[in-house]
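Data block below; observations after.
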Number of protein chains: 2
Amino acid sequence: MSDCLFCKILDREIPADIVFENEYVLAFNDINPQAPVHILIIPKEHIATSNDIDAGNMDLVGEMLVAAKEIAAKKGIGINGYRTVINCNEDGGQAVYHIHMHLLGGRQMSWPPG
Amino acid sequence: MSDCLFCKILDREIPADIVFENEYVLAFNDINPQAPVHILIIPKEHIATSNDIDAGNMDLVGEMLVAAKEIAAKKGIGINGYRTVINCNEDGGQAVYHIHMHLLGGRQMSWPPG
């Protein structure tokens, strides 16, 4: 997607503070962090929203959560805990239309989640 | 897990307001809803936390999100949007140690997510 911000980060056309990468996902620090650890995990395939997840790409959702778990462990927040969030469309608060998982931790997360 | 609340719901030992079920997941209304739609989606396999997701069970994460998408569509909030949240351990705000995805919608979700 030529006009997708996150595809441009994947293509290294736009810089990001990358913290993790494997065959399936890329992860980088959120530019407007809401917690001591706030990282975005994106699939390398362009998928706009949660509504576009189906049998053909659902494996990438698991890849995102496994990446979140591994990053949390590396950041030292795995045992204390963390929250993962995916926003879909306007009511969900989705800001970029390339699906992404927010990983937040390093503090007590409160309830409700927004 | 004999002492797991959600396994007891899966076994119909404890009632819940079930809204969706398939081979992999069960979904029911949260007893303390934080939005007009607030549903918990749990895998039928007992997995304690996000830290226990690995190559052997990560397909269930995708199943949870696909279920969330399908439930959101049925509830009429798919297009307006929704938020999905998984809490891990104490800092994440995890209340039941059987992994579950919160699906919230029917209102504008705010930021930060807790």
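The values are calculated or read from the model by the stated rules, or taken from the named source; none is laboratory data. The structure presented is a predicted model; accordingly, all values stated were derived computationally and were not measured. FYI the Cβ positions are ideal-geometry reconstructions off the backbone, even for glycines, and counts take in every protein chain you see. Only protein heavy atoms, including side chains, enter the accessible area calculation; ligands, DNA and RNA are left aside. Shrake-Rupley method; radii C 1.70, N 1.55, O 1.52, S 1.80 Å.
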Point to revise | Criterion: over 20 Å from residue B:104 (Cβ atoms) and among the aliphatic types (A, V, I, L, M) - qualifying residue of B:9, B:18, B:31, B:47 | key: B:47
Point to revise | Residues located in the range B:46-77, provided they are at the interface with chain A (Cβ under 8 Å from one of its Cβ atoms) and of a type in the set (Lys, Arg) | key: B:69
Review point. Can you name every residue in the range B:75-95 that is of a type in the set (D, E, K, R), under 22 Å from residue B:107 (Cα atoms) and without any contact (Cβ under 8 Å) to a residue 12 or more places away in the chain?
Key: none
Review point. Only one of these conditions is not met by residue A:107: (1) farther than 20 Å from residue B:69 by Cα; (2) more than 8 Å from chain B (Cβ to nearest Cβ). Which number is it?
Key: (2)
Study note, to complete from the structure: Selection from the range B:81-101 of residues more than 7 Å from chain A (Cβ to nearest Cβ) and in contact with a strand residue (DSSP E or B) (Cβ under 7 Å, 6 or more places away or on another chain) yields B:98, B:99, B:100, B:101
Exercise for review: Please identify the pairs in which a residue from the range A:1-21 that is in contact (Cβ under 8 Å) with a residue 60 or more places away in the chain has its Cβ atom under 8 Å from the Cβ atom of a residue that is open to solvent by 90 Å² or more (accessible area, probe 1.4 Å), counting only partners at least 6 apart or on another chain.
Suggested key: A:4/A:97; A:7/A:1
Revision key, fill the gap. Heads up, the helices (runs of 4 or more DSSP H) in the range B:1-112 (entirely inside) with at least 3 residues that are surrounded by 15 or more Cβ atoms within 10 Å (Cβ to Cβ) and under 15 Å from the mean Cα position of the chain (by Cα) are B:5-10, B:59-75
**Study point:** Where a residue in the range B:34-47 is among the small types (Gly, Ala, Ser) and its partner, wherever it lies, is open to solvent by 10 Å² or more (accessible area, probe 1.4 Å), with Cβ under 9 Å and at least six apart
**Key:** B:35/A:112; B:35/B:106; B:35/B:107
